[in-house]
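The structure under discussion appears below in the form of structure tokens.
A short reminder: the numbers here are calculations on the coordinates, not readings from a lab. Being a predicted model, the structure only gives us computed values, none of them experimental. A quick note on method: Cβ atoms are made from the backbone with ideal geometry, for glycine too, and the neighbour counts reach across all protein chains shown.
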Amino acid sequence: MDEFHQNQPIFLQIRQRLVEMILAGTAHEGDALPSVRQISADMSVNPLTVTRAFDALVEIGVVEKRRGLGMFVIDGARATLLAYEREVFLKEDWPRIAARIKALGLDLKALASNDNEGQRS
């Protein structure tokens, strides 16, 4: 059974796992995604939760429902997801991360050059 984080809704965590499948190339453009039933059984979650995850991907425009066949990755999905995820990161995640870096007194240049210390002298 998969473990879920308490600080984020389960449907968003399932959505993120599907996004990672597409970005990593595990699910290619044109491929069918696992069914709602399969995911809900594998992860021991309500099918409505899985449906919400798929609906979020349909809204972004990377997945389409084919009546009677299931959910499929559409052409151009990877590029669309990369652009979408980058925008979300820069608008939502990066400001919080940058503030945390500053608050901790870490050196951004050192962090960027893979210096594990990353601390200012």
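What label, among (1) 1.32; (2) 1.45; (3) 0.94, belongs to Cα Rg over 2.2 N^0.38 Å computed from the structure on display?
(1)
Once the piece of chain linking Leu12 and Leu111 is laid out straight, how much longer is it, given 0.36 nm per residue of separation minus the C-alpha distance between them?
Here the answer is 32.8 nm.
How far is helix 94-103 tilted off the main Cα axis of the chain, in degrees rounded to 10, range 0 to 90?
It is inclined by approximately 30 degrees.
Pull up the cross-link candidates among the lysines for Lys91, meaning alpha carbon to alpha carbon under 24 Å and not fewer than 8 places away within one chain.
Lys102, Lys109
Tell me the mean residue ellipticity at 222 nm calculated for the chain from its helices only (DSSP H runs of n ≥ 4, each -39500 (n - 2.57), averaged over every residue, nearest 500). Before the final figure, lay out the partial values.
On the way: 6 runs with 64 residues, N = 121.
After summing the helix terms and dividing by residue count, I get -16000 deg cm²/dmol.
Order of Glu92, Glu20 from fewest to most other C-beta atoms within 10 Å?
So the residues, fewest neighbours to most, are Glu92, Glu20.
For the range 10-77, take the convex hull of the Cα atoms, compute a quarter of its surface area, and give me that in nm², please.
Convex hull of Cα atoms, orientation-averaged projection: 4.1 nm².
Once the Cα atoms of helix 10-24 and of the chain are each reduced to a long axis, what angle between those two axes, in degrees from 0 to 90 to the nearest 10, is obtained?
For helix 10-24, the angle is close to 80 degrees.
I'd like the orientation of helix 77-88 relative to the chain: the angle between its Cα long axis and the longest Cα principal axis, in ° from 0 to 90, rounded to 10.
So the inclination is approximately 40 degrees.
About its Cα centre, what dipole magnitude does the chain give when the only charges are +1 on Lys and Arg Cβ and -1 on Asp and Glu Cβ, stated in debye to the nearest 20? Please report the intermediate quantities before stating the final value.
Details: 15 positive and 17 negative charges, 56 e Å.
Rounded to the nearest 20 debye, it is 260 debye.
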